[in-house]
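Worksheet: one structure, shown below.
The values are calculated or read from the model by the stated rules, or taken from the named source; none is laboratory data. The model shown is predicted, which means the values in this text are computed figures rather than measured ones. Backbone-built Cβ (ideal geometry, glycine too); neighbour counts: all protein chains shown. The protein model used for the area step is the full one, side chains on, heavy atoms only, and it has no ligands, DNA or RNA in it. Shrake-Rupley method; radii C 1.70, N 1.55, O 1.52, S 1.80 Å.
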Amino acid sequence: MEHRWKQRNPLSVEVVVRRCDGLIVHGRTRDFSTDGMFIRAARQAVPTNTAIEIEIPRCGCLRGWVVHVGDEGIGVMFRALNSKEKCLLRQLHAENSATRRK
């Protein structure tokens with residue numbers, strides 16, 4: 001059963017996840033929405049309730065909170081997004097939509 005407020009869009013890009021203690025984890029996104037993102041990453045590296053920063057190379061960074069950890073990766077809920085982060089999500093959505101139409 002789907003518990004998300006917003007529909008997720010498929011997205012597969014490499015990301016760098018940074019914990020507040022400086023640990024860096026590399027992963028790949030599976031999907032995203034304006035509320036969150038799922039990242040395929042080593043689950044033991046980023047536990048639930050961890051504040052993180054997600055760097056999308058050549059695009060920018062998003063701040064989030066790990067709300068789910070599973071065998072395939074981590075579910076992230078975005079924190080209050082600033083205007084730059086909202087713009088980044090719109091850019092990702094536009095690029096992703098254009099790619100799927102091809």
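For the range 11-32, filtering for residues that are open to solvent by less than 70 Å² (accessible area, probe 1.4 Å) and either in contact with a Phe, Trp or Tyr (Cβ under 8 Å, 6 or more places away or on another chain) or part of a strand (DSSP E or B) (or both) leaves 10. When the strands (runs of 3 or more DSSP E) confined to the range 37-102 are screened for residues that are basic (Lys, Arg), those reaching at least 1 such residues are found at 60-70.
Note on the range 39-95: residues that are surrounded by 12 or more Cβ atoms within 10 Å (Cβ to Cβ), acidic (Asp, Glu) and farther than 12 Å from Val15 by Cα total 3.
Among residues of the range 75-100 that are under 15 Å from Thr29 (Cα atoms), those with a beta-carbon under 8 Å from a residue that is of a type in the set (Gly, Ala, Ser) and not in a helix (DSSP H, G or I) at least six positions away or on a different chain give the pairs Gly75/Gly36; Val76/Gly36; Val76/Gly64; Met77/Gly36; Met77/Gly64; Phe78/Gly36; Phe78/Gly64; Leu88/Gly60.
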